[in-house]
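**Student:** Take a look at the following structure, please.
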Amino acid sequence: MFFELQSKWIAGILSGRVSLPSNEQMMQDTEDFYSKLEATQVPKRHTHRLADFQVIRLCSFLLNSSKLE
């Protein structure tokens, strides 16, 4: 299910139905993410390790996007 949601989201971006945040917002989100990793002493090599709450949040976002078909 997770891969299907990701593929629909990417298809939405490529088709123009879904837009990405601005470069500035994405950079700020990335900086905030790395700050949280550093504050909790999680090594950067764990950047792509998703915690359960992150998967739930991402799935919720993807499922609630009315532009995904």
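Quick note: the coordinates plus some simple rules give every number you see, no bench work behind them. Predicted, not measured: the structure shown is a model, and the values here were computed from it. Neighbour counts run over all protein chains shown; Cβ positions are idealised from the backbone, glycine included.
**Student:** Stretch E24-E38 to full length: gain in nm at 0.36 nm per residue minus the Cα-Cα span?
**Tutor:** 2.9 nm
**Student:** Something else now. Between T47 and L14, what is the spin-label point distance in nm, taking each point 7 Å from the Cα along the Cα→C-beta axis?
**Tutor:** Distance between label points: 2.4 nm.
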